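Before any comments, here is the structure.
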Amino acid sequence: MIGYLRDYANAVTALAYLFAVIGLFLALNGKIELGVAAMLWTWFLDHWDGHVARKTSHLRGRGAAEFGKSFDGFADLIHGVVFPAVVIILVGHGTALSFVASLGLILCGAIRLSYFENVGLTTDARFVGIPVSYDTPLIAILILVRPLVPGTTFPDIVAIAFIVLAILHVNTAIKVPPIRGKAIPVATGFAVVASVALALLIEPALSRQG
(Lines give C-alpha, C1' and ligand atoms only; values in the text may rest on other atoms or scores of the structure.)
Protein backbone atom coordinates (compact mmCIF):
# COMPACT_ATOMS: atom_id res chain seq x y z
CA MET A 1 0.00 0.00 0.00
CA ILE A 2 2.78 2.43 0.92
CA GLY A 3 4.21 1.89 -2.54
CA TYR A 4 1.50 4.09 -4.03
CA LEU A 5 3.25 7.06 -2.38
CA ARG A 6 6.16 6.65 -4.78
CA ASP A 7 3.86 8.28 -7.30
CA TYR A 8 4.69 12.00 -7.46
CA ALA A 9 1.12 13.25 -7.15
CA ASN A 10 0.32 10.91 -4.27
CA ALA A 11 3.52 12.00 -2.52
CA VAL A 12 2.32 15.61 -2.70
CA THR A 13 -1.02 14.54 -1.20
CA ALA A 14 0.84 12.73 1.59
CA LEU A 15 2.72 15.95 2.36
CA ALA A 16 -0.64 17.71 2.52
CA TYR A 17 -1.75 15.20 5.17
CA LEU A 18 1.33 16.07 7.22
CA PHE A 19 0.32 19.73 7.33
CA ALA A 20 -3.27 18.70 8.07
CA VAL A 21 -2.21 16.81 11.19
CA ILE A 22 0.00 19.73 12.24
CA GLY A 23 -2.95 22.09 11.74
CA LEU A 24 -5.32 19.96 13.81
CA PHE A 25 -2.69 19.45 16.52
CA LEU A 26 -2.02 23.19 16.85
CA ALA A 27 -5.70 24.21 16.78
CA LEU A 28 -6.72 21.62 19.37
CA ASN A 29 -3.88 22.80 21.60
CA GLY A 30 -5.08 26.39 21.67
CA LYS A 31 -3.11 27.82 18.74
CA ILE A 32 -5.93 28.31 16.26
CA GLU A 33 -4.08 30.91 14.19
CA LEU A 34 -1.10 28.62 13.63
CA GLY A 35 -3.41 25.68 13.02
CA VAL A 36 -5.21 27.55 10.25
CA ALA A 37 -1.85 28.65 8.83
CA ALA A 38 -0.71 25.03 8.60
CA MET A 39 -4.02 23.93 7.09
CA LEU A 40 -3.60 26.52 4.33
CA TRP A 41 -0.55 24.58 3.20
CA THR A 42 -2.67 21.44 3.05
CA TRP A 43 -5.13 23.43 0.98
CA PHE A 44 -2.72 24.64 -1.68
CA LEU A 45 -0.89 21.30 -1.85
CA ASP A 46 -4.28 19.72 -2.50
CA HIS A 47 -4.42 21.76 -5.72
CA TRP A 48 -0.84 20.98 -6.69
CA ASP A 49 -1.33 17.21 -6.49
CA GLY A 50 -3.85 17.33 -9.31
CA HIS A 51 -1.53 19.51 -11.38
CA VAL A 52 1.36 17.11 -10.78
CA ALA A 53 -0.88 14.16 -11.66
CA ARG A 54 -1.76 15.70 -15.02
CA LYS A 55 1.88 16.56 -15.79
CA THR A 56 3.18 13.09 -14.85
CA SER A 57 0.31 10.97 -16.16
CA HIS A 58 2.71 9.08 -18.44
CA LEU A 59 4.83 8.08 -15.45
CA ARG A 60 2.06 6.86 -13.15
CA GLY A 61 2.07 3.18 -12.28
CA ARG A 62 -0.87 0.84 -12.38
CA GLY A 63 -3.58 1.84 -9.91
CA ALA A 64 -1.82 5.05 -8.85
CA ALA A 65 -4.51 7.30 -10.31
CA GLU A 66 -7.37 5.34 -8.71
CA PHE A 67 -5.59 5.33 -5.35
CA GLY A 68 -4.82 9.03 -5.69
CA LYS A 69 -8.45 9.92 -6.34
CA SER A 70 -9.57 8.42 -3.02
CA PHE A 71 -6.45 9.63 -1.19
CA ASP A 72 -7.12 13.17 -2.37
CA GLY A 73 -10.81 12.92 -1.48
CA PHE A 74 -10.06 12.13 2.16
CA ALA A 75 -7.70 15.12 2.26
CA ASP A 76 -10.58 17.30 1.00
CA LEU A 77 -12.73 15.99 3.85
CA ILE A 78 -10.09 16.89 6.43
CA HIS A 79 -9.10 20.39 5.35
CA GLY A 80 -12.42 21.44 3.80
CA VAL A 81 -14.90 19.94 6.25
CA VAL A 82 -13.53 18.49 9.49
CA PHE A 83 -10.99 21.21 10.28
CA PRO A 84 -13.36 24.17 9.73
CA ALA A 85 -15.96 22.35 11.87
CA VAL A 86 -13.37 21.95 14.64
CA VAL A 87 -12.51 25.67 14.48
CA ILE A 88 -16.22 26.59 14.58
CA ILE A 89 -16.60 24.53 17.76
CA LEU A 90 -13.45 25.93 19.34
CA VAL A 91 -14.28 29.60 18.74
CA GLY A 92 -17.95 29.00 19.60
CA HIS A 93 -17.13 27.50 23.00
CA GLY A 94 -19.92 24.95 22.72
CA THR A 95 -22.84 27.19 21.79
CA ALA A 96 -25.92 25.72 20.13
CA LEU A 97 -25.26 27.79 17.00
CA SER A 98 -21.73 26.41 16.68
CA PHE A 99 -23.15 22.89 16.98
CA VAL A 100 -25.68 23.55 14.22
CA ALA A 101 -22.99 25.09 11.99
CA SER A 102 -20.51 22.24 12.47
CA LEU A 103 -23.21 19.60 11.99
CA GLY A 104 -24.49 21.27 8.83
CA LEU A 105 -20.99 21.69 7.45
CA ILE A 106 -19.98 18.07 8.05
CA LEU A 107 -23.24 16.67 6.67
CA CYS A 108 -23.37 18.91 3.60
CA GLY A 109 -19.65 18.55 3.01
CA ALA A 110 -19.86 14.75 3.07
CA ILE A 111 -22.88 14.81 0.77
CA ARG A 112 -21.09 17.12 -1.65
CA LEU A 113 -17.90 15.04 -1.73
CA SER A 114 -19.90 11.84 -2.24
CA TYR A 115 -21.87 13.49 -5.06
CA PHE A 116 -18.70 14.67 -6.78
CA GLU A 117 -17.09 11.24 -6.39
CA ASN A 118 -19.95 9.72 -8.39
CA VAL A 119 -20.85 12.53 -10.80
CA GLY A 120 -17.61 14.47 -11.31
CA LEU A 121 -17.34 17.76 -13.19
CA THR A 122 -20.02 18.98 -15.56
CA THR A 123 -19.58 18.72 -19.33
CA ASP A 124 -18.11 22.24 -19.33
CA ALA A 125 -15.57 21.24 -16.61
CA ARG A 126 -17.21 22.96 -13.66
CA PHE A 127 -18.15 21.93 -10.14
CA VAL A 128 -21.81 21.76 -9.19
CA GLY A 129 -22.19 23.64 -5.92
CA ILE A 130 -19.45 25.45 -4.03
CA PRO A 131 -16.46 23.09 -3.52
CA VAL A 132 -15.43 22.33 0.08
CA SER A 133 -11.98 23.68 -0.83
CA TYR A 134 -13.44 27.16 -0.34
CA ASP A 135 -13.87 26.49 3.39
CA THR A 136 -10.19 26.64 4.31
CA PRO A 137 -9.50 30.11 2.85
CA LEU A 138 -12.76 31.37 4.36
CA ILE A 139 -11.79 30.26 7.87
CA ALA A 140 -8.38 31.85 7.31
CA ILE A 141 -9.93 35.19 6.31
CA LEU A 142 -12.31 35.10 9.28
CA ILE A 143 -9.48 34.40 11.74
CA LEU A 144 -7.42 37.19 10.18
CA VAL A 145 -10.20 39.74 10.73
CA ARG A 146 -10.96 38.42 14.21
CA PRO A 147 -9.06 41.23 15.98
CA LEU A 148 -11.35 43.75 14.27
CA VAL A 149 -14.58 42.06 15.40
CA PRO A 150 -16.08 42.28 18.90
CA GLY A 151 -15.30 39.05 20.72
CA THR A 152 -18.91 38.37 21.64
CA THR A 153 -20.14 38.47 18.05
CA PHE A 154 -17.24 36.74 16.29
CA PRO A 155 -18.33 33.14 17.09
CA ASP A 156 -21.81 33.84 15.72
CA ILE A 157 -20.40 35.41 12.56
CA VAL A 158 -18.24 32.34 11.95
CA ALA A 159 -21.13 29.96 12.56
CA ILE A 160 -23.55 31.83 10.32
CA ALA A 161 -20.97 32.16 7.53
CA PHE A 162 -20.46 28.40 7.47
CA ILE A 163 -24.15 27.60 7.71
CA VAL A 164 -24.58 29.63 4.52
CA LEU A 165 -21.56 27.97 2.90
CA ALA A 166 -22.80 24.51 3.88
CA ILE A 167 -26.05 25.20 2.03
CA LEU A 168 -24.12 26.42 -1.01
CA HIS A 169 -22.08 23.19 -1.00
CA VAL A 170 -25.19 21.23 -1.96
CA ASN A 171 -26.85 23.85 -4.16
CA THR A 172 -26.92 22.36 -7.67
CA ALA A 173 -27.88 25.70 -9.23
CA ILE A 174 -24.33 26.99 -8.71
CA LYS A 175 -21.48 26.05 -11.04
CA VAL A 176 -17.87 26.90 -10.14
CA PRO A 177 -14.73 26.38 -12.23
CA PRO A 178 -11.97 24.31 -10.58
CA ILE A 179 -8.71 25.90 -9.48
CA ARG A 180 -6.36 24.90 -12.28
CA GLY A 181 -3.64 26.32 -14.48
CA LYS A 182 -2.77 29.92 -13.67
CA ALA A 183 -5.14 29.90 -10.69
CA ILE A 184 -2.90 27.43 -8.81
CA PRO A 185 0.04 29.86 -8.31
CA VAL A 186 -2.46 32.51 -7.25
CA ALA A 187 -3.95 30.16 -4.65
CA THR A 188 -0.45 29.24 -3.51
CA GLY A 189 0.50 32.90 -3.12
CA PHE A 190 -2.64 33.57 -1.08
CA ALA A 191 -1.94 30.57 1.16
CA VAL A 192 1.66 31.60 1.82
CA VAL A 193 0.84 35.26 2.53
CA ALA A 194 -2.19 34.40 4.68
CA SER A 195 -0.27 31.75 6.64
CA VAL A 196 2.48 34.25 7.43
CA ALA A 197 -0.12 36.83 8.49
CA LEU A 198 -1.81 34.25 10.72
CA ALA A 199 1.51 33.33 12.30
CA LEU A 200 2.05 37.00 13.14
CA LEU A 201 -1.30 37.02 14.97
CA ILE A 202 -0.21 34.37 17.47
CA GLU A 203 1.39 36.85 19.90
CA PRO A 204 -1.70 39.11 20.16
CA ALA A 205 -3.82 35.98 20.53
CA LEU A 206 -1.67 34.72 23.38
CA SER A 207 -1.89 38.15 25.01
CA ARG A 208 -5.71 38.00 24.86
CA GLN A 209 -5.66 34.55 26.49
CA GLY A 210 -3.28 35.80 29.16
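On the given criteria, is residue 168 buried (at least 19 other Cβ atoms within 10 Å of the Cβ), in contact with a helix residue (DSSP H, G or I) (Cβ under 9 Å, 6 or more places away or on another chain) and not acidic (Asp, Glu)?
Criteria not met by residue 168.
Test residue 124 against the stated conditions and say whether it is of a type in the set (Asp, Glu), part of a helix (DSSP H, G or I) and open to solvent by 40 Å² or more (accessible area, probe 1.4 Å).
So residue 124 does not fit the description; no.
Quick test for you: out of 133, 114, pick the one residue that is in a helix (DSSP H, G or I), out of contact with any Leu (no Cβ under 7 Å at 6 or more places or on another chain) and closer than 16 Å to residue 172 by Cβ.
Result: 114 is the single residue among 133, 114 that is in a helix (DSSP H, G or I), out of contact with any Leu (no Cβ under 7 Å at 6 or more places or on another chain) and closer than 16 Å to residue 172 by Cβ.
Could you pull out every one of the helices (runs of 4 or more DSSP H) wholly within segment 1-105 that has 2 or more residues that are open to solvent by less than 20 Å² (accessible area, probe 1.4 Å) and modelled with pLDDT of 90 or more?
Hits in segment 1-105: 8-28, 32-55, 83-92.
I'd like the full set of residues that are in contact with a helix residue (DSSP H, G or I) (Cβ under 9 Å, 6 or more places away or on another chain) and small (Gly, Ala, Ser), limited to segment 115-138.
129, 133
Residue by residue through segment 146-165, note down the ones that are open to solvent by less than 80 Å² (accessible area, probe 1.4 Å), in contact (Cβ under 8 Å) with a residue 40 or more places away in the chain and hydrophobic (A, V, I, L, M, F, W, C).
The answer is 154, 158, 159, 162, 163, 165.
Could you tell me which of the residues 52, 91, 36, 12 is under 13 Å from the mean Cα position of the chain (by Cα) and closer than 22 Å to residue 134 by Cβ?
Selected residue: 36, the only one of 52, 91, 36, 12 that is under 13 Å from the mean Cα position of the chain (by Cα) and closer than 22 Å to residue 134 by Cβ.
Of the numbered conditions (1) in contact (Cβ under 8 Å) with a residue 60 or more places away in the chain; (2) of a type outside the set (Ser, Thr, Tyr); (3) in contact with a Gly (Cβ under 8 Å, 6 or more places away or on another chain); (4) more than 20 Å from residue 166 (Cα to Cα), residue 87 fails exactly one; give the number of that condition.
The one condition residue 87 does not meet is (4).
The values are calculated or read from the model by the stated rules, or taken from the named source; none is laboratory data. The shown structure was predicted, so the numbers you read here are calculated from the model rather than taken from an experiment. Note that each Cβ is placed from the backbone with ideal geometry, even for glycine, and that neighbours are counted across all protein chains shown. SASA here: full protein model, heavy atoms, side chains in, ligands and nucleic acids out. Shrake-Rupley method; radii C 1.70, N 1.55, O 1.52, S 1.80 Å.
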